[in-house]
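What follows is a set of notes on a single structure, which appears directly below.
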Amino acid sequence: MAKTTVPYVLYDSNGQVLGLTTSFNEESATVRQGSYFLKYNLRRPWHGVLSVAYSVRLLHALVRSHSPETPSAPAGHASQVVRVGLTLPVIIAGVVSLGFGFAAASVGKWLVAPSSSLDVQAVSKLALWPGINDALLISLAVIFVGAVVGWRAPLARASQRKPLGERVFDSLYDATLGVSKRITALTQSGSLPVYVGVTLLMVAGAPITALLMGDTQPLQNVTGGSLLEAVVTLLAVALAVGVAVVPSRFTGALFLGGVGYAIAVIFALRGAPDLAVTQLLVETLTVVVFLLALRAMVRRESVPSRAVPHTLRITVALAVGIAVPLFVLAARTARTQPSAAQEYFARSVAEAGGRNVVNVILVDFRGFDTMGEIVVLAIAALGVANLVRAAEQHRRTAKSAKVSQ
């Protein structure tokens, strides 16, 4: 093992200091060199000073008096078994230590026996009072210095200036939290119009950004229609604007139905009478459901919220109304492979025996999908009918109870 250069004190067998040495093999705590015994390392007193210091500091923290302003923790009440279990080992250890001290001669023989069996020339002894020697003086000095350091050490850590890196991290962290709180307050204000507006702006912004960054021309293959189609389209636009403008909810529901009927006419003019009939049926049912729901609601004129300006509402509506059709047209012109509809046209007559491709898709090629959709709609209709019946029964019961009172 490597030699150290730490100075050590040399003692003789009587405990007298003979000098210092730096030649020490750390494999043994005590190395015999001729008639001299290496007994003490000069670095170890500082270890003892620190041990005494933190012990005294702990004792100081336990016995110090608390100021009246400092709230004290509620005292706990341990059971008798716990108190005896914690106290008894300390008492036993203290009594045994005192007993061994008074019987130092006998205990010393017990402790010396193992070392003598290893080295018959070793000279060791244990006495209750060995007299005033260097070891006693060093021990007293260690206890005194450690007690002073431990008692004078501050119990509370003094406030120190944080390092630059920690201060920069704290600043960036606080700034990030502040920005996130402002964004949260702006986007999650608890207002439904704000939520809907942000969602619609994202819906409008995404396709517009894609169109501006891409090479797709959405109006490239748009074909013109007849004068009647243009008139019906303008009528649908006017009815859609009326839905957003009229204050009456009943009138708005009628205008919404008019938009659906106009779309059904456009389907018929474009050569899709089956889609037109489906649109007419669905739109009629939708208008009836709206009117039934409005009948059960409180009759009042809707007043737009002042939290969102009317101009901003119109801007969001125009952005969505322009972006979504452009995106649909762009997706139509961005096709790079043949449409799957060509396969349906080719197999409609040969495999399903029908020339109406839409009907063949619904009842043959995707018959199970259609059946599942019908089942879902039927279950939803039954649920709505049961809820309406339960609400009507509850209202009649409440009315009867009120009349009886």
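The values are calculated or read from the model by the stated rules, or taken from the named source; none is laboratory data. As the structure is a prediction and not an experimental result, all values here were calculated from the model. Cβ placement follows ideal geometry from the backbone for every residue including glycine, while neighbour counts extend to all protein chains displayed. Only protein heavy atoms, including side chains, enter the accessible area calculation; ligands, DNA and RNA are left aside. Shrake-Rupley method; radii C 1.70, N 1.55, O 1.52, S 1.80 Å.
In table form, for the structure just shown:
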read-out	value
Region 233-255 - residue that is more than 18 Å from Ile314 (Cβ to Cβ) and touching a residue at least 24 places away in the same chain (Cβ under 8 Å) and, of those, surrounded by the most Cβ atoms within 10 Å (Cβ to Cβ)	Ala253
Single match in Arg366, Arg389, Arg347, Arg355 (criterion: open to solvent by 100 Å² or more (accessible area, probe 1.4 Å) and under 30 Å from Arg295 (Cα atoms))	Arg389
Close pairs (8 angstrom Cβ cut-off, 6 or more residues apart or separate chains): free of Cβ contacts under 8 Å to residues at least 40 places away in the same chain and under 14 Å from Trp129 (Cα atoms) in region 83-105, among the aliphatic types (A, V, I, L, M) and part of a helix (DSSP H, G or I) anywhere	Phe100/Val107
Residue satisfying all of: in region 274-290; surrounded by 14 or more Cβ atoms within 10 Å (Cβ to Cβ) and not polar (S, T, N, Q); farthest from Gly258 (Cα to Cα) among these	Asp274
Identity of the residue in region 165-198, of a type in the set (Ser, Thr, Tyr) and open to solvent by 80 Å² or more (accessible area, probe 1.4 Å), that ends up farthest from Phe327 (Cα to Cα)	Tyr173
Selection count where residues are in a loop (DSSP other than H, G, I, E, B) and under 20 Å from Gly271 (Cα atoms), scope region 341-361	3
Long-range neighbours under 9 Å by Cβ, at least six apart or interchain, first residue more than 20 Å from Ala104 (Cβ to Cβ) and in a helix (DSSP H, G or I) within region 131-151, second among the hydroxyl-bearing types (Ser, Thr, Tyr) and open to solvent by 100 Å² or more (accessible area, probe 1.4 Å)	Gly146/Tyr54; Gly150/Tyr54
Selection within region 258-293 - of a type in the set (Gly, Ala, Ser) and out of contact with any Phe, Trp or Tyr (no Cβ under 8 Å at 6 or more places or on another chain)	Gly258, Gly260, Ala262, Ala264, Ala268, Gly271, Ala272, Ala293
Filter result (within 20 Å of Gly271 (Cβ to Cβ) and crowded, with 16+ Cβ neighbours inside 10 Å) within region 319-340	Leu329
